[in-house]
Structures are given as C-alpha cells and as structure tokens.
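What follows is a single structure, written as structure tokens, with notes after it.
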Amino acid sequence: MPVTIPTEVEIDGSTYYQIDIKLPLRTYSIKKRYSDFEQLVDTLCHELGINHKDFPYALPGKRINWLNKYNVIEERKRGLTEFLNAMIDDRSLQNEREFINFLQLPKNFKFQDRPQVTNENWHELYRKTKTELFDLSTTYGSNLIKLKEQIRKSIQPSITDLITSSSIEDKTESQRRRDMISQLQSKIDEMLIQPQQSNVKAFSRVLGGGGNVKETEETLPLNNKELLQHQVQIHQTQDQELEQLRKIIARQRQIGETISAEVEEQNAMLDQFNEEVEQTTDKIKQARRRTRKIL
C-alpha cells in the first residue's frame, strides 16, 4: 500500500501535508501537520514502553532557520513519506491501533500478513526470500546497522515460516529444504561479517596497514590511541550484534528440528493407526464370512 505526500496546503498559518493513500480498490487523501506526526511517535513510544531514541524510524529534523521555507517543506515531505512507508513495511508496527487511526483507515482494517507457506508454494517463497536478501545486500552494502535491521524485519520472519513448513512426509525433500535454509542463513552470516572486515581495513592507520584508505569525518580528528579504542569498541558492538543474530538463527533451527521430530512422530502414529484399521477391517470381514456360513 504505497503512501505519497505530493503537496501541502496552508490553513490558518499552519502547514498541512496532504497524504495520498492507495488501497486496492480506492485512493483517498488526508491532511496532517508535522506536530501530528510527533504526537503519533509519542503515543507509540508510550504504548510500546520505549524511549524516543529507541523508536526505529526518525522524523525529519526541525529547522531553526525558516528563511528558505520551500526547501524545508520539500525536505519534510520526502522524510515524512519515507517514515510512513517504513512504518507500513514494519510488521511489528503496521497494525498498531494508533497508526491505523492516524491513517484514518477503517477500525477493522489490518495490513496483509505474509503469504501462508504451503507445500505447493514453498520453493517460490524461498526464491523470493533469496532475491530479497540479494537486493538488501546490493542496497545497503556495508551499512551493517541498516542491513541487520532490514534482515530482522523482512528476511528472518520469512525464514521462520520456511523452517516451519520444511518438514513433509518425503524425508529426502524435507532434508533438501533444510539444507537450502541453512545455505540462506550462511549467506546472512557472510553478509554481516563482510562489513566488519571492511572496518578493519578502514583503520589501517592504527594497525600499520597500507593502501589508500579514506577515513571518515568521525575518525580523522582521533590520534592513533583513540582510533584504536574506537575500532575496538566497534568490533565489540558488532560481535554482540552477531552473537544475538546467531542465537536467533540457532533458535529457529531448533524450532525446525522440533517440528520435524513431531511430524515424524505423528506419521508413525498414523501408520500404526492405519495398521490397526486394516486389522479391524480384516476381523470384520472374517466375522461376516462366519455369519454367512451360520445363516
């Protein structure tokens, strides 16, 4: 459901942004002030029990200098559009009642969940998840924080669904699917480790490495000792984030193995039940034959 902010209107000296919302069967517009967006974030933070700094999506910043009001408004329109579409794409926030009310959607409206994974569409959804992962790698490159956030929001939920639906009666196909998921998870590990290796190269001034490496504005003022401490802190933070992601992946794998074991137990029970049904059927047939002889 794409959202755009094509224009703004001035009402009683205040700027209202026109938000165009496209639904499957119709398109409608609402008008909101910048303060309405701030109130939305305040309410969501209160409901979720988090600080404003922990809210995953930032509103465009306020400007003290309004001499060039046109540029400020254009910048806000772009920033607010990105904010709304990011909220819509976030499965953990998209159906919050405050957000639904903000967009003036029907009370019973819910954003569509991920498609249900079945035996028939399993490979199609796997290919789609793999393509999305490749697109993330291309889009965010070495931006580890943004990359990890997008993997958590869009890729890991899909992998969980694929794991849940990977156990089927065909044990060979079931194992093949688990191997495919393991390859996907290995690719995620590789993507998150590569930026870490790039950061090591970026600090060659401290480590004595060669090459024409460009430093950032953040590292240029630092001396070697401070730069080394900065590097160590970044590595520690990344190690913690990777460890958390490793635990999530390990947990998902454990869930998949548990589901597989339960399916095998249920299959064994069904086999036993079928045998008992066949035995009972045979006994009934024998009883009928004896009955006919008596009659």
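Near the amide H of residue 8, within less than 5 Å, lie the amide hydrogens of 18, all on another chain or at least 5 residues away, with H placed in the peptide plane.
Working note: Karplus 6.51/-1.76/1.60 with θ = phi - 60° gives the stretch 253-270 the couplings 5, 5, 4, x, 5, 5, 4, 4, 5, 5, 5, 5, 4, 5, 5, 5, 5, 5 Hz, where Gly and Pro are set to x. Only aspartates and glutamates eight or more places from residue 283 in sequence, or on another chain, were considered; those with a Cα closer than 14 Å are 275. In this structure, the residue pairs whose Cα-Cα separation is over 25 Å, taken from 22/110; 130/153; 148/171; 69/146; 32/107, are 148/171; 69/146.
A crude spin-label estimate for the pair residue 36 and residue 143, with each label 7 Å from Cα along the Cβ direction, gives 2.8 nm. Max-minus-min Cα coordinates of the stretch 3-103 on each principal axis give 38, 37, 22 Å, with the largest extent listed first. Note on the stretch 1-132: with neighbouring protein chains present and a 1.4 Å probe, carbon and sulfur make up 47 percent of its accessible heavy-atom surface.
Each peptide in 44-52, 285-293, 123-131 gets a packing score, the mean of other Cβ atoms within 10 Å over its residues, and the list from highest to lowest is 123-131, 44-52, 285-293. Remark: the stretch 3-103 carries 58 Å² of accessible area per residue (probe radius 1.4 Å; ligands, DNA and RNA excluded).
The values are calculated or read from the model by the stated rules, or taken from the named source; none is laboratory data. As the structure is a prediction and not an experimental result, all values here were calculated from the model. Here the Cβ is made from the backbone with ideal geometry for all residues, glycine too, and neighbour counts use every protein chain on show. For accessibility, only protein heavy atoms count, side chains too; no ligands or nucleic acids. Shrake-Rupley method; radii C 1.70, N 1.55, O 1.52, S 1.80 Å.
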